[in-house]
Structure formats: structure tokens, C-alpha cells
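The structure appears right after this line, and notes come after that.
The values are calculated or read from the model by the stated rules, or taken from the named source; none is laboratory data. No experiment lies behind these values; they were computed from the predicted model shown. Every residue, glycine as well, gets a Cβ built from its backbone with ideal geometry; the counts of neighbours run over all protein chains shown.
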Number of protein chains: 2
Amino acid sequence: MNVEIIAIGDELLIGQVTDTNSGWIARQLNHIGWELTKVTVVRDRGEEIKNAVVEAFGRVSVVLMTGGLGPTKDDITKKTLCELYECALHRDEKVQAMNDERFVQKGFTMNALTRDQALVPDACEVIYNPVGTAPVMWFDRDGKVLVSMPGVPSEMQYAVSHEVLSRLRERFNDHSAVRHATCLVKGITESGLAILLDDFENALPPFIHLAYLPKTGVIRLRLTATGDDEARVETELNRQFDKLTSLTSRYLFCREDTSLAGALGAILKERKLTLSTAESCTGGNIAHEITLVAGSSAYYKGSIVSYANEVKTELLGVSAATIAEHGVVSLPVVEQMVKGAQRALHTDCAIATSGIAGPDGGSPQKPVGTVAIAVACGDKTVSKMWHFGKNRETNIERFTHHALLQMLDLLCPQE
Amino acid sequence: MNVEIIAIGDELLIGQVTDTNSGWIARQLNHIGWELTKVTVVRDRGEEIKNAVVEAFGRVSVVLMTGGLGPTKDDITKKTLCELYECALHRDEKVQAMNDERFVQKGFTMNALTRDQALVPDACEVIYNPVGTAPVMWFDRDGKVLVSMPGVPSEMQYAVSHEVLSRLRERFNDHSAVRHATCLVKGITESGLAILLDDFENALPPFIHLAYLPKTGVIRLRLTATGDDEARVETELNRQFDKLTSLTSRYLFCREDTSLAGALGAILKERKLTLSTAESCTGGNIAHEITLVAGSSAYYKGSIVSYANEVKTELLGVSAATIAEHGVVSLPVVEQMVKGAQRALHTDCAIATSGIAGPDGGSPQKPVGTVAIAVACGDKTVSKMWHFGKNRETNIERFTHHALLQMLDLLCPQE
């Protein structure tokens, strides 16, 4: 079953908010064997919303809509849906009661605008929203279903998980399956890999598809299988995945769809090793990536984010003389930092970074984008200087990515 | 001038990669006074890409396309563009030479697929890409311009900043201006604010528009002005922004478009206060949010990410007896952590968190989503327990948001 999303909001189109809802919904749809085939992001304008709906219903029977349901004037989704479905608004007493209670609980005062959150189009079935003031609206006409949900991620997620998915399944009585299997490789280029896998790809059955998702130094290989026979989809996907991992075994370091930090965590856990970090320029982002992984407390003990030099000397035991001689962004400093982290946090392995994320702080010798990264496992330490770009946010991301990759390289060297 | 984006890639529609390119491009377009009016995310399918282009050109004269330009089989954008513009591919010698040199520098071996990155459609003008193997392609036909760019953010960003924007300006000789002014308020609901601002909103000139962007406890208010007369747009925007900030002064804590951490940083800098963090469940994410702000080293000294209890006792001086008596997720523990951070990192202010992000580790008394947060400034400490949901990633985000908010509340209380 194919689904389209229409995401509504000026904030998405001036780049103030990133649409993470669509990706989340896509993953939930895939779990029930449905596919998201298109996302359209439109402004808070009635005509644009209506056109998007009409176009989407020309292609699919299910449209999920997010956003534009707040109490303020810029949000016009509800009014627009009334125009589309040629109906008026009426007050839903249950929504009203839920919102009243919600406001009492939170100690807020109900006002005219919030009160109007209980107005709903006559043409829809209301799905009650216990986690926010805007109800979810289900429209079903001419065999086509439109579900309008709040854009606030937690409210949308609640609605999808608790109501919308199961209602859609029931409504369309559809059981076609989509399954994915993913592995991660490093030490080979995307095109090198494509040549290695040419015969494999050509021999794939038509319902299985291979995709390459490269990210500096790491390539995610994803097999997707689609079909009506769930058992056959699963069996054939597993068979092809075994072939794929065997063909790429020299470069393979992870057999599941996880982040770089997740892959590193799996290796540490398997080898019963512990990890800590000492971060300067990455400012806690490596720790954040590591701790995003559920269960990371099994191997990760913590980080000393040493943004100030005195923290490097006092808590990590970096010598002030080394800083004075080599500068704080240098291999000797990160080598001392990584040893300091192993010692202060009592871990087998450690990662340390010191660099210039920008926009200021660069010099001709060490421009913005320079970073020193050291990784250690037991007595073995590897330190390297890297050079990236000018953008602070991108630099922090890249420094983090390369620090994790350098740690992985130490643990799983490629010959 | 209105622009649409077509983002191409199966990975975007199964939720494996989030489209951050469109938001970035939107911000660059706004800077030159152009507007992004729609984003369409489509799969790597020729027909779907072609339909999206035809539809977009029915609405606007400029379409920016991202993605689908890798060397592997799943990427079919180039082939599709040849079909759309009824032309063949030819080898561009300059792209070939640049890619050859790039591979030599990186120590990679050129292969058939990478070699074909130098194939370009006859109908396009090539914009050379010094930061990747896929060239940017500029198509100009019947007064409509389509620019196809790589989906890799750094390559797309390089192309837009260095070539595409200036070429588009020149091509369309358009100078209409769009300006935004944003401020942040707290301590009032969205609808309470809407009522407070009702007269103001109704009196706004038709070319100025007010938007509300709420996020748990904080509302971002954005005025957008559009027009041909740049000076008038600026003057009137400033005049209305002054009115807005004066009307909301009781709730206002920031007069620029920045993150919560950015707003906090501005206050710390102004008051010459320093900050440190002691993070358990947030695992470095507060430090990361703080250090994303350029210039944060002026007030932020660092963090002790104490994921393991021994780090809490050894580096932050939390008493083992307190942990045993109250549990690690408790007000007494975060109060000791926040004091420990102030002491160990020598700062005026500090933030400490200890909680259960999930999915495991919850108990009936302290379920997943429970977090204790303490903030301190000098001798003043405020600690609170909060309860959120079940999702680990969302919990880490919310814990972080509320920790920053709690610190802001201590520094700027609302009566």
C-alpha cells in the first residue's frame, strides 16, 4: 500500500524547522509493510494545501498530513480541510472536555483561541489526542483516506502509534510486506563496491533492490524486498543478505542498520571492552552519539568535555608545557588527553579530540577545520591530524564521525 | 522569486536519511530575497522524478534538484534528465580530469563507474564540482531553470554558495527582498500570546506576517516581510519588531533567532558568568547544544559526562551513601552533581542531569522518562524532577531542552 505525506508549515520552508516527522512515519509504515512514496512540503496557504491533496489523491489512496493545527492565525489547515470536504466546523464536546482538563492540570487559563481547538470539520471522524490540544482528523471519501495530525513530533507519534496505523490496516485490509536488511562496510569506495557487487546485483530477483548510502569513509548497503508473500520476502531477503555480507566480508564491520556509534558499541560489547572520551572541539557530541545507543552504559563510562585548557590540565593531566610547545590542537596534546581519559575514567579504550570548529580561532598554520584525533585501546594509541571545512556545525559532525571511524579502524583494521 | 526543490532518494522515503538540504537551501534563498515555496521528496524512479519536474515547472521557473547522482545503479537522476531534456550523455573532459586528479590525491583507483561520473547530458551547462565527483548540471529551457546537484550536504552547499545562487540572481535579474526578525518568549501559552497580540496582528501591513513556532515552554515569534523595496521592507520590519518586543517584554528573553543554548549564552556573556555541566542521562547532549554556539568558549568551560556511577563519585564528589539512599535519579544526587561541576570546573553556573532515557532501566517508582535536573548559579540551586515519554532519542532531547530552560528560568525568572 502506497502512502503520501503532506507536511504543512512556513517554518519548514524557511529552514527554521527540519521535517523529521516524515522519516519517522516512513519507518512506521515500513514496519506494517506499507511504503511512503512521496513527501510534499507546502506553506500555510489554503490553495497550496488543497492542490497538494488533489494531486496526491491522483496517485495514492492514503494521505497523511502533518502540521498547521495550532490555535493561532497562521495555522489554516482545519479551515482548508472544511473547504476541501465542503463542510462546516462544529464543536466536539469530548475534545473540549479533554482540553479543559488538560489546562486545569497544567495550571493554564483557557482562552477563546484554545477553546476553538475543539472545533472540528463535520466531514471528519475525530481521533482523540490525549497528548495535545489539537485532535487528529480522519476523512474518508470516495475510497480515499486523509488523516490530519499535529506537526508537534510527540503528538504525531502518539497518534500514529496508538491509532492511525491500526485504523489504516483495518480500513484497507492490506498485508503486502516490505523488509530491509542493512550492513556497513568501510575501506572501499562506492564505485569499487559497485563493481565488486555487479554480478550479485544483476542476479537479484526483481522484487529485491540494492541501495548504497555512502557517508565519508563508510557505506551502508541496504537490500529491500517487497511482495505479497511475507514468508517468501523474508526468506529470499535473508538468502541474498548472506550472499551480500559474504561478498563484502573483507570490508564489513556491522551487520545491522545502526549508527557508527552503534557499530562501535556492538564491537566493544562483544570484546568486553570499556570506552571513555575526552572532547575539546567536539564539545560532547561524541559522547552524545555514543549514548544515543540504547544499552551504551554497558561499555561507555563517560566523557570529560575539556573546552577550557585548565580542564585539560587539571582533569586529564595534559602538561601545560606540551600545550605551550605544540599548541592545544596538536598530536602530543590529544595523545595525553586520550591517556588521561583512560586513566581518569578507568577504561580500556578512549577517544580524544582537539581542533578548531570555527568560525573563529583559526591561524595560517592551523586553519578552521583542523582537528587532532587520538584513539587508544590498552597501550596502543593512534593519533592523526585532519582538515575539514569552514562551517562550525558541519565540522563538529565530521570531527565526530572521523573520531568514531578512527576508533573503529583501530579495533577492526582493514588490510 | 519563487523556487521549488525536488529531493531525490529512496533513503529519504524509508526514513534512513533526513532531508536537511532543503532547509539549508531555504535559508540561502531567503538571504537573497527568494522564497522556497514547495519541497517534493521523490523516490529514485524515472517517472516520478519527471512528473515532479513537470508539475513544479507548472508553478515556478526555478527548480533545484538534490540527490541521485552517485555512481551506482540505484542513482538514475542523470539518465532521467536526459529523457526530460531529450538529449544524450557525453563525456566532459574537464570533469574527467578533475576526478582523475581527485582519485590520485586520495589514493583511490578509478574504475568504470567512477569514470562515468564524467558523463553529462548534452542539454546542460556543467558547473564544476571541486569537492566531489558528480558535477552540478544547469538546464535552461523555455525560461525555466533546473539545477541538479549532489545530495551530499557538503557538495550541495559548496555548489549553492559558490555558483548556483549568484548564477540564479544574474539569470533572473530579480531583487525582491524577504527579511525575518525573530524573538523568543517563555512563561505564556501560544494562545495566550495570540490574544495578547491580536490587535498587533490585525494592524500589520499586508506585506508583513507573524508566525508562532512553539516548542515546549518556549515560543519563537517570527515576523516576515516581503517586498520589492528593500529599504521599506527593512524599515517597516524593524518598526513592527520593536512593537512586538515591547508588547511581549514581560515574557521576552531573547531578541534574535538563536537556539535555547544561544539565548542562554548571550545572557551569560552579558553578565560575565561561566558555565559547566555534569551530565548523566543526557550523555553530553547539553554540552553539545552549548558548544554548537559559536563563541561559547567565552563562557563554557566543559562537562563531566558521568555515565558510570563511579565517575559521579570520583570526579563530581557525589556521595556513594546518597546514591544508595535516594537512588542515582534523585534530587539529592543532581544537587551534589551540580555543586561538583561548579567546583571541579571552576564555574559560576552549572547544570546537572540524572535520569532514565530508556528503553531499559525504568522501575515502577521511576519509570523511563524520569529525570532529575539541578541548576545552580553561585550559591543558588534549583532542582526538579520531570517526567517524559518512552522514546530514548526524544527523551534525551527533552531532558536537554528542559535543563537549558531551567537554567534560563533561574537567570531570568518570570513573575
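Evaluate the following for A:Leu196: is it under 30 Å from B:Ser191 (Cα atoms) and more than 21 Å from the chain's Cα centre (by Cα)? No: the conditions fail for A:Leu196. If only residues of the range B:316-332 that are assigned to a helix (DSSP H, G or I) and within 33 Å of the chain's Cα centre (by Cα) are counted, the one that is nearest to A:Asn309 (Cα to Cα) is B:Leu316.
Matching residues to (1) surrounded by fewer than 16 Cβ atoms within 10 Å (Cβ to Cβ); (2) modelled with pLDDT under 95; (3) part of a helix (DSSP H, G or I):
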site	(1), (2), (3)
B:Leu81	no, no, yes
B:Val104	yes, yes, yes
B:Leu113	no, yes, yes
B:Val145	no, no, no
B:Met156	no, no, yes
B:Ala159	no, no, yes
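Within the range A:23-47, being of a type outside the set (A, V, I, L, M) and at the interface with chain B (Cβ under 7 Å from one of its Cβ atoms) holds for A:Gly23, A:Trp24, A:Arg27, A:Asn30, A:Thr37, A:Lys38, A:Thr40, A:Arg43.
Reported count of residues in the range B:294-349, each being more than 8 Å from chain A (Cβ to nearest Cβ), surrounded by fewer than 22 Cβ atoms within 10 Å (Cβ to Cβ) and among the small types (Gly, Ala, Ser), is 8. Evaluate the range A:172-187: report whether one residue or more is among the aromatic types (Phe, Trp, Tyr) and out of contact with any Ser or Thr (no Cβ under 9 Å at 6 or more places or on another chain). Looking through the range A:172-187, none of the residues is among the aromatic types (Phe, Trp, Tyr) and out of contact with any Ser or Thr (no Cβ under 9 Å at 6 or more places or on another chain). Looking for something in contact with a strand residue (DSSP E or B) (Cβ under 9 Å, 6 or more places away or on another chain), assigned to a helix (DSSP H, G or I) and among the charged types (D, E, K, R) - is there at least one such residue anywhere in the range B:56-76? Within the range B:56-76 (the criterion being in contact with a strand residue (DSSP E or B) (Cβ under 9 Å, 6 or more places away or on another chain), assigned to a helix (DSSP H, G or I) and among the charged types (D, E, K, R)), the answer is no, since none of the residues qualifies.
Evaluating A:Lys339 against the criteria (1) at pLDDT 95 or above; (2) charged (D, E, K, R); (3) not in a helix (DSSP H, G or I) leaves one unmet condition, (3).
Candidates B:Ile188, B:Ile208, B:Ile127: the one that is touching an Asp or Glu at 6+ places or on another chain (Cβ under 6 Å) and surrounded by 15 or more Cβ atoms within 10 Å (Cβ to Cβ) is B:Ile127. Residues in the range A:182-194 include at least one that is on the phi > 0 side of the Ramachandran plot and touching a residue at least 12 places away in the same chain (Cβ under 8 Å).
Scanning the range B:49-65 for residues that are among the β-branched types (Val, Ile, Thr) and farther than 13 Å from B:Thr77 by Cβ yields a total of 3. For the range B:81-91, the condition of being in contact with a strand residue (DSSP E or B) (Cβ under 9 Å, 6 or more places away or on another chain) and among the charged types (D, E, K, R) holds for at least one residue.
How about the range A:262-290: which of its residues are more than 9 Å from chain B (Cβ to nearest Cβ) and assigned to a helix (DSSP H, G or I)?
Listed by number, the residues that qualify are A:Gly262, A:Ala263, A:Leu264, A:Gly265, A:Ala266, A:Ile267, A:Leu268, A:Lys269, A:Glu270.
Of all the residues in the range A:198-226, those that are within 27 Å of B:Ser154 (Cα to Cα) and either touching a Phe, Trp or Tyr at 6+ places or on another chain (Cβ under 7 Å) or more than 8 Å from chain B (Cβ to nearest Cβ) (or both) number 7.
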